[in-house]
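Data block below; observations after.
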Amino acid sequence: KLGYSVDCVDTSQSVLDRAAACCEAVGMQNIRFSTGLIEAGEYDAILYREAVDVLPANAFQSLSISGRCVAMMNDTQASSHIVEVMRYTHDQGKIKAESLMDTVRDISKNHHEFIF
């Protein structure tokens, strides 16, 4: 499903620069790039690009009704490289959590790459 507009927010300027170059190469023009943290608003979808132990306290406050948030959650109970891909949906004022799959962090490469 294509979005009317996309806000790409990251704390890493180099990640944003690479993303902007990729989007420009394929002709995507409806994307705004900014450094920092996600601002308050109503987003239909939020994707966290790195695995986290816990989501930020305001993670769901920015979701629109029926909005979705996908995050890779570290397995904090195990000393492994397993992460669980979770989808959270804002459903009539409640957050519904659904496990999509487990995956393994590829430690032979850098820590941002995952095996699906």
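Residue under question is Asp75, and the condition is that it be over 15 Å from the mean Cα position of the chain (by Cα), modelled with pLDDT of 85 or more and of a type outside the set (S, T, N, Q); does it hold?
no
Determine the pairs where a residue that is more than 13 Å from Ser62 (Cβ to Cβ) and in contact (Cβ under 8 Å) with a residue 40 or more places away in the chain, located within segment 21-41, has a partner that is surrounded by 10 or more Cβ atoms within 10 Å (Cβ to Cβ) and not aliphatic (A, V, I, L, M) with Cβ atoms under 6 Å apart, the partner being 6 or more residues away or on another chain.
none
Would you check which residues across segment 1-60 are hydroxyl-bearing (Ser, Thr, Tyr) and either open to solvent by 90 Å² or more (accessible area, probe 1.4 Å) or modelled with pLDDT of 80 or more (or both) and list them?
The answer is Tyr4, Thr11, Ser12, Ser14, Ser34, Thr35, Tyr43, Tyr48.
The values are calculated or read from the model by the stated rules, or taken from the named source; none is laboratory data. The shown structure was predicted, so the numbers you read here are calculated from the model rather than taken from an experiment. Every residue, glycine among them, receives a Cβ derived from its backbone with ideal geometry; neighbour counts consider all protein chains shown. The area values use the complete protein model at the heavy-atom level, side chains included, leaving out ligands, DNA and RNA. Shrake-Rupley method; radii C 1.70, N 1.55, O 1.52, S 1.80 Å.
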